[in-house]
Amino acid sequence: MRTVLFNDQPYSPNKIVCIGKNYTDHIEEMDAVVPDDMVVFMKPNSAISQTLRAFDGEPIHFEGEICFAMIAGQVAGIGFGLDLTKRALQWTLKKAGLPWERAKAFDGSALFSDFVPAPANLDNVRLELWIDGALRQQGGCKHMLYPPTSMLGELANFTTLDDYDIVMTGTPAGVGEVPQGAQFEGRVFDGDRELIRAIWQAQ
């Protein structure tokens, strides 16, 4: 089983629960429409990696996200994640009305920073993604269509979040292809206070 670090201790999430279309600006950049219900898909434990690939059969696209580590059904830890996507394959699957797993749940499609204890109030939690020193994505819980409380309430209607499962909360605008050799730096803040950061070099 693949692991992530929470409070410097390794844990193996059983699953990664991902929220799609959770920021209006991202929905607009993808030329999509706001869904009637919260969009949910999952990645397996085998998706976890620390290797950021620019190509895997086709160009890989990045999506920076605020991520929650769950304990006893509550947000215990917080980190930064990259949801990696085979975008061309995803569009092909969507047009055919087929599931997205081949484009979203492949091995190496989920990268995470370390996780640190989450603040008691998540309202001011926000992310930044910098690529080669340029700010590429920014957004936070205040900008989500489904902020944490409603998001977790929706999930509780149909699935159990086991201890150390990870919830990826969706991505703001600014997604695109992973440039080979580029340096990615993801940061999570509580207001102006930095909680955690991670750096990856695209291969």
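Here are some notes:
- Selection count where residues are within 21 Å of Glu185 (Cα to Cα) and touching a helix residue (DSSP H, G or I) at 6+ places or on another chain (Cβ under 7 Å), scope the stretch 1-60: 1
- Any pair with Cβ under 6 angstrom, 6 or more apart, that starts in the stretch 1-21 at a residue that is farther than 11 Å from Phe68 by Cβ and ends at one that is of a type in the set (A, V, I, L, M, F, W, C) and part of a loop (DSSP other than H, G, I, E, B): Ser12/Met1
- For the stretch 106-134, residues that are under 20 Å from Arg53 (Cα atoms) and surrounded by fewer than 19 Cβ atoms within 10 Å (Cβ to Cβ) total 7.
- Among the residues listed as Leu129, Leu152, Leu135, Leu145, the single one being free of Cβ contacts under 8 Å to residues at least 40 places away in the same chain and of a type in the set (A, V, I, L, M, F, W, C): Leu135
- Test: residue in the stretch 143-159 that is assigned to a strand (DSSP E or B) and in contact with a strand residue (DSSP E or B) (Cβ under 7 Å, 6 or more places away or on another chain): yes
- Among the residues making up the stretch 170-203, those that are among the hydrophobic types (A, V, I, L, M, F, W, C) and closer than 29 Å to Ala32 by Cα are Ala173, Val175, Val178, Ala182, Phe184, Val188, Phe189, Ala202.
- Residues in the stretch 165-181 that are outside any strand (DSSP E or B) and surrounded by fewer than 15 Cβ atoms within 10 Å (Cβ to Cβ): 3 in all.
- Screening the stretch 50-66 for residues that are more than 14 Å from the chain's Cα centre (by Cα) and outside any loop (DSSP other than H, G, I, E, B) and picking the one that is surrounded by the most Cβ atoms within 10 Å (Cβ to Cβ) gives Pro59.
- For the stretch 107-132, the tally of residues that are out of contact with any Ser or Thr (no Cβ under 9 Å at 6 or more places or on another chain) and farther than 22 Å from Arg193 by Cβ stands at 2.
- Among the residues of the stretch 79-118, those identified as assigned to a loop (DSSP other than H, G, I, E, B), in contact with an Asp or Glu (Cβ under 8 Å, 6 or more places away or on another chain) and either over 18 Å from His61 (Cα atoms) or hydroxyl-bearing (Ser, Thr, Tyr) (or both) are Ser109, Asp114.
- Top-ranked residue in the stretch 1-49 [being buried (at least 21 other Cβ atoms within 10 Å of the Cβ) and part of a helix (DSSP H, G or I); ranked as modelled with the lowest pLDDT]: His26
- Which listed residue is within 17 Å of the chain's Cα centre (by Cα) and among the basic types (Lys, Arg), from Lys86, Lys94: Lys86
The values are calculated or read from the model by the stated rules, or taken from the named source; none is laboratory data. Note that the structure is a prediction, hence the values are computed from the model and not measured. Heads up, the Cβs are rebuilt from the backbone with ideal geometry, glycines too, and the neighbour counts pull from every protein chain shown.
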